[in-house]
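The values are calculated or read from the model by the stated rules, or taken from the named source; none is laboratory data. Bear in mind the structure is a predicted one, so any value in this text is a computation, not a measurement. We place every Cβ from the backbone using ideal geometry, glycine too, and count neighbours over all the protein chains shown.
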Amino acid sequence: MIYLVTYELDDDGADDGDLLEAMRSYDAVHVHGGTWLVEADEAAKDVRARLGRATRKRRCRLFAGRLQGDYAYLNLSVEAADWLDERDECDFD
């Protein structure tokens with residue numbers, strides 16, 4: 001399953017290193033800013049919980065929602081577009 005994950009740290013200048021490390025523990029690709037695409041064989045609440053543990057010492061807004069085949073993109077980075085195109089779950093044309 002592919003999830004769209006977004007986050008925003010409330011602390012100005014906060015280091016998001018722990019969160020990025022947790023994000024990279026998945027098969028994931030950075031889209032832009034605090035937005036990532038994550039492939040995981042678990043429920044959205046479990047993705048959120050795993051990533052949330054990496055942010056528990058600071059205030060963070062975090063969203064994880066499953067993409068279910070009807071979406072489009074424009075001017076995505078080559079890395080993110082290739083990452084999506086390699087997934088068999090959906091047709092990305």
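See the values below:
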item	result
Matching residues, the stretch 40-66, being modelled with pLDDT under 90, in contact with a strand residue (DSSP E or B) (Cβ under 9 Å, 6 or more places away or on another chain) and either at positive phi or not in a loop (DSSP other than H, G, I, E, B) (or both)	Gly52, Cys60, Arg61
Pair list, Cβ under 9 Å, 6 or more apart: the stretch 1-16 residue at pLDDT below 90, other residue of a type in the set (A, V, I, L, M) and assigned to a loop (DSSP other than H, G, I, E, B)	Asp16/Ala54
Top-ranked residue in the stretch 67-86 [being within 15 Å of the chain's Cα centre (by Cα) and either surrounded by 14 or more Cβ atoms within 10 Å (Cβ to Cβ) or part of a loop (DSSP other than H, G, I, E, B) (or both); ranked as modelled with the lowest pLDDT]	Gln68
Single residue of Arg66, Arg61 found to be touching an Asp or Glu at 6+ places or on another chain (Cβ under 8 Å) and basic (Lys, Arg)	Arg61
Matching residues, the stretch 28-41, being exposed (fewer than 13 other Cβ atoms within 10 Å of the Cβ) and closer than 18 Å to Arg87 by Cα	Asp41
Odd one out for Ala54 among (1) over 21 Å from Leu84 (Cα atoms); (2) in contact with a Phe, Trp or Tyr (Cβ under 6 Å, 6 or more places away or on another chain)	(2)
